[in-house]
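Every read-out reported here was derived from the displayed coordinates using simple, explicitly stated rules and does not represent laboratory data. Note that the structure is predicted; figures quoted are calculated from it, not measured. As a convention, Cβ positions derive from the backbone with ideal geometry for all residues, glycine included, and neighbour counts pool all protein chains shown.
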Amino acid sequence: MATGFYSHADCLLHEMGQWHPECPARLQAIEDQLIASRIDPLIERESAPLAEMSALARVHTQAHIDYIKSQSPTEGYAQIDPDTSMNPHTWQAALRSAGAAVAATDAVIAGRYDNAFCSVRPPGHHAEPARAMGFCFFNNVAIAARHALEVHGLARVAIVDFDVHHGNGTEAAFAGEERVLMCSFFQHPFYPYSGAENAAPNMVNVPVAARTKGMAIRELVDMMWLPRLHEFKPEMIFVSAGFDAHREDDLGNLGLVEDDYAWMTEQIREIAKRYARGRIVSCLEGGYNLSALGRSVVAHVRALAEL
């Protein structure tokens, strides 16, 4: 299978301070592991374009877009919330991240690639329609999913989120939207302390306790995600690919390993093959232990590309 790999050097320029775990070294760790694993020559690299304002506006309010742009500093940092800030390059990096997701969607729907992975930052799944939070400014996956629905006219898209944190922004964007099915698990109780109660019918939210290991996650995917995905028959699948549920990642407290990410990706791939012509666009979310992140992304991309 042909797998596109979208990234851009601008995504390395956004940083929120030397102490911050969501750092440029995350993308460098992925690159290092791609080279070490020798799969780098087997993926097709693409440069992420800047997202158009119209793409952002399909998910975010104009007031939110204007606010983020207005906060962009000429030097130093602009604090957006206690753990989210902008430097002079953040605005451009955020547009590249969203632009990668949109461009990957266009390329996969056009048949240039079977699927694609967007190695981008800042991440997106905490960004709500009118609020930036949790390291996120614009919701890359939500923007891509809305692009598939509104621009390409797809009837049904699924979003799978396996980050350790609940994708509150994605849920806020699509709760009650019959054309979208969102499946996720997340550590609970845990930041952002959402997702465990009163979910809309199109949300398959599975809160799990700290220290849950990979086999238990595989069981819940098998029992709770896959039947709903088969029933829904998505025409395209979007993945919020967070790797902070890895057992080596200190920002969460779950027990997944690389094989678990590969297995989940294989299940998603089989659903996509059956109903969606194989179409998957995956976007990087969390993952803060650099070694575990790089190894897990390689496992995920290998499974996407069937290598």
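Evaluated at q = 0.20, 0.27, 0.31 Å⁻¹, the base-10 log of the normalised Debye intensity for the range 165-205, with identical point scatterers placed on the Cα atoms, takes the values -0.52, -0.91, -1.16. The sum of -39500 (n - 2.57) across all DSSP H runs of n ≥ 4, divided by the residue count of the chain, sets its helix-only mean residue ellipticity at 222 nm to -11500 deg cm²/dmol. Dividing the C-alpha radius of gyration of the range 176-239 by 2.2 N^0.38 Å, with N its residue count, gives 1.16.
Per the Kirkwood formula on distinct C-alpha pairs, the Rh of the range 168-297 is how many angstrom? This gives a value of 15.1 Å. Ordering Ser47, His188, Ser296 by Cα displacement along the dipole of the chain toward the positive end leaves Ser47 in first place; charges were set at the Cβ atoms of Lys, Arg (+1) and Asp, Glu (-1). Exposure proxy for Ser240, Ser194, Ser54: other Cβ atoms within 10 Å of each Cβ, ordered fewest to most, give Ser54, Ser194, Ser240. Calculated FRET efficiency, Ile35 to Ala196, Cβ-Cβ distance, R0 = 45 Å: about 0.65 to the nearest 0.05. For the range 3-305, a simple Cβ point-charge model (Lys and Arg +1, Asp and Glu -1, everything else neutral) yields a dipole of about 680 debye relative to the Cα centre. Taking the beta-carbon count within 10 Å as an exposure proxy, list Ser85, Ser291 from fewest neighbours to most. With the sparsest Cβ surroundings first, the list reads Ser291, Ser85. For a quick check: with amide H placed at 1.01 Å from N, whose amide H comes under 5 Å from Ser282's, ignoring anything fewer than 5 positions away on the same chain? Hits under the 5 Å cutoff: Ala116, Phe117, Cys118, Val239.
Toward the positive end of the charge dipole of the range 195-307, with +1 on the Cβ of Lys and Arg and -1 on the Cβ of Asp and Glu, the farthest Cα among Thr212, Val257, Ser240 is that of Ser240.
Here the dipole of the range 37-191 is about 180 debye; that uses its Cα centre as origin and unit charges on the Cβ of Lys and Arg (positive) and Asp and Glu (negative).
If R0 is taken as 45 Å, the Cβ-Cβ distance between Lys213 and Ala110 corresponds to a FRET efficiency of 0.70. Taken over the chain, the alpha-carbon convex hull comes to 110 cubic angstrom per residue.
Computed about its Cα centre, the charge dipole of the range 188-290 is approximately 440 debye, with only Lys, Arg, Asp and Glu carrying charge at their Cβ. Note on the chain: with a GNM built from Cα contacts shorter than 10 Å, the maximum mean-square fluctuation among Ala48, Ala145, Ala78 falls on Ala78.
Counting 0.36 nm for each residue step from Asp66 to Trp19 and taking away their Cα separation leaves a gain of 14.1 nm.
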